[in-house]
1. Using only Cα atoms, find the angle between the long axis of helix 96-116 and the longest principal axis of the chain, and express it within 0 to 90 degrees, rounded to the nearest 10.
2. How much mean residue ellipticity at 222 nm does the chain get from its helices, if each DSSP H run of length 4 or more adds -39500 (n - 2.57) and you divide by all residues, to the nearest 500 deg cm²/dmol?
3. If the only charges are +1 at each Lys and Arg Cβ and -1 at each Asp and Glu Cβ, what is the size of the charge dipole of the chain around the Cα centre, to the nearest 20 debye?
4. Based on the alpha carbon coordinates of the chain, what radius of gyration and maximum Cα-Cα distance (Dmax) apply, in Å?
5. Using Cα atoms only, what is the angle between the long axis of helix 17-26 and the major principal axis of the chain, expressed in degrees (0 to 90) to the nearest 10?
6. If I model a spin label as a point 7 Å beyond the Cα along the Cα-Cβ vector, how far apart are those points for Val48 and Met1 in nm?
7. For Ile143 and Val101, what is the calculated FRET efficiency with R₀ set at 30 Å and r taken between the beta-carbons, to the nearest 0.05?
8. Relative to the longest principal axis of the chain, what angle (0 to 90°, nearest 10) does the C-alpha long axis of helix 47-56 take?
Amino acid sequence: MTPDPAQLRFFFDESVLGLGKAMAIARKDVVHTGHALVAEIPLGCDDVDWMPAVARRQLVVVARDKRIRTKPAELKALREHGLRVFWIAGKRDLSNWDALVRIVRRWQEMERLISQRPEGPWFMAVTDGGLSELRVSATGALIKSPPKGRPT
């Protein structure tokens with residue numbers, strides 16, 4: 001299946017390039033770093049450079065980069081550009097297969113969340129147990145949201 005420029009909804013960054021390539025084959029609404037349909041985002045593109053381009057296209061980001069959560073410039077760009085990010089979380093690196101399994105298992109939850117919260121910025125951790133939000137503070141820092149039912 002070839003991605004359709006009119007249907008693009010998801011961008012997989014370089015930290016999940018193998019997963020992005022697999023998803024672009026399986027779905028018409030997925031592109032990844034280096035894909036011909038996002039020529040302005042070549043391989044090796046810095047996060048702060050691709051973030052505005054992805055935001056302009058209103059694409060939802062899927063990433064694995066652990067450092068994206070702690071880099072001030074990336075956090076500022078995430079907030080300023082209203083990015084919506086699904087971060088494949090975990091203490092250990094996942095193989096492409098394990099990341100694919102996790103994303104596919106959570107895809108319906110991800111779609112539901114996008115429908116409920118079409119505007120960013122937001123940053124969701126995708127874990128074996130589900131989705132959990134890391135809130136974007138006014139300063140751009142990510143703060144783990146408390147479990148449902150607990151005050152903030």
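Every read-out reported here was derived from the displayed coordinates using simple, explicitly stated rules and does not represent laboratory data. If you're wondering where the values come from, they're calculated on a predicted model, not measured in any experiment. Here the Cβ is made from the backbone with ideal geometry for all residues, glycine too, and neighbour counts use every protein chain on show.
1. Compared with the principal axis, the helix lies near 70 degrees.
2. My calculation for the chain gives -10500 deg cm²/dmol from helical runs alone.
3. 620
4. 14.6, 45
5. The helix 17-26 is inclined about 70 degrees to the chain.
6. Result: 3.7 nm between the two label points.
7. 0.60
8. Taking the Cα atoms of the chain, the angle to 47-56 is about 80 degrees.
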